[in-house]
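Peer 1: I have a structure here, written as structure tokens, and I will follow up with some questions on it.
The values are calculated or read from the model by the stated rules, or taken from the named source; none is laboratory data. Values in this document were obtained by computation on a predicted structure and should not be read as measured data. Ideal geometry is used to build each Cβ from the backbone, glycine not excepted, and the neighbour counts take in all protein chains shown.
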């Protein structure tokens with residue numbers, strides 16, 4: 001039981017961070033950023049490449065890489081599409097995602113790159129008959145600390161206030177003096193930083209990275225963002241945590257039938273959206289109220 005709880009918290013926190021990164025960008029640009037997965041992949045690749053220099057330098061370079069790449073995507077691609085139809089932004093982000101995947105294949109090859117971030121993360125503790133890895137505990141502590149830190153930053157700093165205002169109503173926020181370029185850049189930078197953290201956590205669990213390393217987690221993070229409520233930063237984090245925790249619980253409950261985990265998950269997602277199409281924390285539309 002203890003193992004199930006730790007795994008649910010660990011996986012939930014991981015997907016919560018990924019969903020928050022997606023939600024930050026959607027909030028200010030209404031952009032469903034498929035390329036978020038490639039930010040995760042870039043950070044993981046840099047972590048593997050730089051591990052021979054030491055764990056701490058590798059982590060710092062990885063965090064910087066995720067943040068810088070996110071800013072480059074904003075300046076080089078998405079800043080030129082501001083005001084465009086959401087469908088155009090969606091297609092552009094999908095194109096960037098595919099382009100970066102091909103770039104990773106060209107640079108690092110299509111075969112997985114392996115490495116070990118820290119041997120002590122693989123060690124396990126025997127707690128009440130349950131085998132709990134240090135990596136799971138570190139993931140829980142790290143993700144909860146980051147989510148708590150992001151919550152404080154968003155709710156109690158001027159930059160956070162501007163982000164929340166822009167997420168709620170971007171045009172009105174601009175009229176009230178919020179500088180759109182700075183807010184969007186801050187959202188992309190924070191998104192890239194969170195993606196790098198997610199890349200580090202997932203790499204410590206898998207021990208290898210390939211060009212599609214961040215694709216699946218981004219898709220499920222998008223699902224979490226939709227469940228939580230598009231445009232709600234708290235909703236994105238909570239929705240992502242719910243998705244991650246549900247995956248862990250279902251995998252354990254289904255046992256040998258765990259191949260149906262995602263089928264059951266998406267069935268539950270459909271039920272949630274049928275009951276509340278705007279998401280748990282989303283604002284109800286006029287049609288929903290009626």
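Peer 1: Residue 231 - would you say it is over 11 Å from the mean Cα position of the chain (by Cα), part of a loop (DSSP other than H, G, I, E, B) and modelled with pLDDT under 85?
Peer 2: yes
Peer 1: Pairs only if they're at least six apart or on different chains, beta carbon under 7 angstrom, first in the range 187-214 and within 16 Å of residue 22 (Cβ to Cβ), second part of a loop (DSSP other than H, G, I, E, B); list them, first residue then second.
Peer 2: 199/214
Peer 1: Starting from the range 255-276, keep only residues that are within 18 Å of residue 244 (Cβ to Cβ), then list their pairs with residues that are loosely packed, with under 15 Cβ neighbours inside 10 Å whose Cβ atoms are within a distance under 7 Å, requiring at least 6 positions of separation or different chains.
Peer 2: Once the first residue is within 18 Å of residue 244 (Cβ to Cβ) and sits in the range 255-276, its partners that are loosely packed, with under 15 Cβ neighbours inside 10 Å give 260/254; 261/254.
Peer 1: Next up: Would you say residue 249 is without any contact (Cβ under 8 Å) to a residue 40 or more places away in the chain, over 21 Å from residue 24 (Cα atoms), part of a helix (DSSP H, G or I) and more than 14 Å from the chain's Cα centre (by Cα)?
Peer 2: Taking the combined requirement at face value, the residue does not satisfy it.
Peer 1: Say whether the condition of being under 19 Å from residue 145 (Cβ atoms), in contact with a strand residue (DSSP E or B) (Cβ under 8 Å, 6 or more places away or on another chain) and either crowded, with 24+ Cβ neighbours inside 10 Å or modelled with pLDDT under 90 (or both) is met by at least one residue in the range 6-25.
Peer 2: Yes.
Peer 1: While we're here: Considering each of 31, 81, 63 in turn, give the residue that is surrounded by fewer than 24 Cβ atoms within 10 Å (Cβ to Cβ), touching a helix residue (DSSP H, G or I) at 6+ places or on another chain (Cβ under 7 Å) and over 26 Å from residue 140 (Cα atoms). Talk me through it step by step, then tell me what you get.
Peer 2: Working: 31 fails: surrounded by fewer than 24 Cβ atoms within 10 Å (Cβ to Cβ); 63 fails: over 26 Å from residue 140 (Cα atoms).
It is 81.
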